[in-house]
């Protein structure tokens, strides 16, 4: 579990193919930081707050960025977002919402809860790569700077 | 008045007779046999003047004299017995009218009125025999002296300050008995009274001191209540009579004869007589002359006053007569100038007066035809219905019976020519000394009023009929209205039902919308994930293993990726269509021309903008949802650009026209156009009239346009010929 202390990017995605494509898109953007993929909201929260299966993880170590799918089993993406953003310690972690459409209600809700940005997962993979690049904060992951 | 005159006359005569010594004078007899009753107050123990006899009846010189005087003055007499002190008070207050013996002093004259004196008494000092130390009045200073309380001698003792030790007793007897018993040194009393008591009580040890020690004499009179002049005059008159006719002498002799005889010498008697009668006569004469003079003055004044009064009365009568004449003339004028007929009747119903109007109204030419005639028979003989009056039925005469005024406005009076007229009249009784002596009747012809009243009644009846008719009409209308209202109520009920149904439908619709939302959400997520995988992994295959594939293999992978992309576009369009159908409308006034121009600039590429001719007429503003109408322009202008891409003429025209209820807008191009027989299929979802390799598209754009315009209550349609361009129309409601 030692590697978990080094996780800098947390991907929360239930679809393994989407997760794989996300990893590939990161790689194509030369973002080779330590990445962890979890598959539902509960797992994501357990990791962020170092509890449950991740109880042994040092609480002080936190991911630098979270890519969060909107539609998740067990605990929904919006609920995960709410919990992270309502905690004074974790709310500083940038959260990027991954979504299949521009469903207005979901986006409006996400912004109310304090999301930092969002990406509509495109069918065209190249556009996904572009979208990751255009987020504008990958420098954060490149230069290893502490927040 | 006459009575008093006579009295004074007789007194005068008597006085003259007394003066010349003739005792045989005639006494004039007074007319009135019974005079006023006098209440005389007398004492029980002042002998010999006032006392009671053995039978308890009042007696004594003064009482008897007063009785004789009263008899002579023709006064009835009653006597009230009481103690001296009380009687004095009674007299002052008028409870008794007179006292028979009161010494006259200036002090007493203030409280009472006195007759002429009929008696003079000399005060004397009585001591026990053997008393020889009293020679002057000064010797009495240290002696114990007794006087009767209230007696004039008590006052005398005080005035002369006879002694330092003066005591009073309630009676003379008590004083003399106390003296005899040695309880006092002297008694001061009138000489005659003292002698009388000594004699009566047999007090041999009491003697009278020399009379010269006290020279005081008191004059005694009858006293009356202050101001009772009539009684005073009567008593003076009576006194004069009894003195003149010898009654006085007789009574005097009866009471004082023996005592004086025993004690006095003949010379003394003569002296006393001279002392008594001569001054008495002179005083009497003097007083009576004064009284007479005063009376004559008073009479004269009275007579003058009466003459003056008569004169005034006569003048007043004269004035009143003038006024009466004037008033009579006024009344006459008033009577004859009023429009109302006025006449008066006496107790028998005969006419006593009648005014001009009455004569005219009744059709008489002269008063003589009416005056003295029975008015009921003359003008009121028959009832309005033609029947004769029974006894006591006459309304006018009712004032006689009741003594009160009455009014009638439903009667007729009869004219001289035998015709009648409806009349209103008032009948008022004339009252003298609580007795009805006649009646005044005021009347007038009310033919016109009657007519007016009948006309009013007729109008009222007509009005009532009309009101009844109108009321009936109104009731009918109200009934109809009620019916309509009932119908309305039913309609409202129906409407409520419909509304309820609509609400139910709306609820169902909302439910379906929610389901649609859920479906859309699901489609967007679930359908896209496999597409992303297909596309993504095709891409990985091409990138990672491209060198191992030949050209045909690479082409297949492209086909897979293109179809995946196309399917993604279809899903996107379908979601857009769904969103547009459900989006909430925010209606505002939108400048459509400006929107269209902006959209052209946004949608057309720079190349298109340089090649295309964009013609736009000024467009009116319309009331619509800005975002949705913008989408309409996007789709229509995009289509025009797209389908003109292969044409020689690259031109887009935008314009509008106003129709009755709507504004019609159009977008015209000169591109590919379409076969008009398929124009109904144009607006269906996923319906296409061109192959995808000719013009790319999903067939959703026009469906979206139709959906938006329909939501605005407008219409969409198109006109075209194949290869001749197309015109797309849409309309929006005015306002």
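Condition first: part of a strand (DSSP E or B) and surrounded by fewer than 22 Cβ atoms within 10 Å (Cβ to Cβ). Now tell me which residues in the range B:632-655 satisfy that.
First, pick out the residues of the range B:632-655 that are part of a strand (DSSP E or B): B:651-655.
B:651, B:653, B:655, listed by residue number.
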What residue, among those in the range A:72-104 that are touching a residue at least 40 places away in the same chain (Cβ under 8 Å) and within 14 Å of chain B (Cβ to nearest Cβ), is farthest from residue A:32 (Cα to Cα)? A:73
With the condition kept exactly as written, say whether any residue in the range A:50-62 is touching a strand residue (DSSP E or B) at 6+ places or on another chain (Cβ under 7 Å) and either farther than 24 Å from residue A:133 by Cα or away from chain B (no Cβ under 14 Å) (or both). no
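For the range B:56-117, please list each of the strands (runs of 3 or more DSSP E) lying entirely inside it that holds at least 3 residues being surrounded by fewer than 20 Cβ atoms within 10 Å (Cβ to Cβ).
Those strands (runs of 3 or more DSSP E) span B:76-81.
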Considering only the range A:3-23, state which residues are free of Cβ contacts under 8 Å to residues at least 40 places away in the same chain and either crowded, with 22+ Cβ neighbours inside 10 Å or closer than 21 Å to residue B:531 by Cβ (or both). A:16, A:17, A:19, A:20, A:23
So, residue A:57, is that one surrounded by 18 or more Cβ atoms within 10 Å (Cβ to Cβ) and either under 18 Å from residue A:84 (Cα atoms) or modelled with pLDDT under 85 (or both) or not? yes
Helices (runs of 4 or more DSSP H) contained in the range B:505-615 and holding at least 3 residues not assigned by TED's automatic domain parsing to the domain that holds residue B:709: B:528-545, B:551-582
Picking from B:189, B:184, the residue that is crowded, with 19+ Cβ neighbours inside 10 Å, touching a helix residue (DSSP H, G or I) at 6+ places or on another chain (Cβ under 8 Å) and in a loop (DSSP other than H, G, I, E, B) would be B:184
Listed by first then second residue, the pairs whose first member lies in the range B:532-547 and is more than 9 Å from every other protein chain (Cβ to nearest Cβ), whose partner is buried (at least 19 other Cβ atoms within 10 Å of the Cβ), with beta carbons under 9 Å and at least 6 positions apart or on separate chains, are B:542/B:561
Just one of B:246, B:227 is within 20 Å of residue B:116 (Cα to Cα), at pLDDT below 85 and exposed (fewer than 15 other Cβ atoms within 10 Å of the Cβ); which is it? B:246
Among the numbered criteria (1) part of a loop (DSSP other than H, G, I, E, B); (2) without any contact (Cβ under 8 Å) to a residue 60 or more places away in the chain, which single criterion is violated by residue B:685? (2)
Residue pairs within 8 Å by beta carbon, gap of at least six or interchain, first lying in the range B:501-528 and away from chain A (no Cβ under 12 Å), second loosely packed, with under 10 Cβ neighbours inside 10 Å, listed first then second, are none
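The values are calculated or read from the model by the stated rules, or taken from the named source; none is laboratory data. On a predicted model such as this, the values are computed, not experimentally measured, just so you know. In this analysis, Cβ positions are derived from the backbone assuming ideal geometry, glycine residues included, and neighbour counts consider all displayed protein chains.
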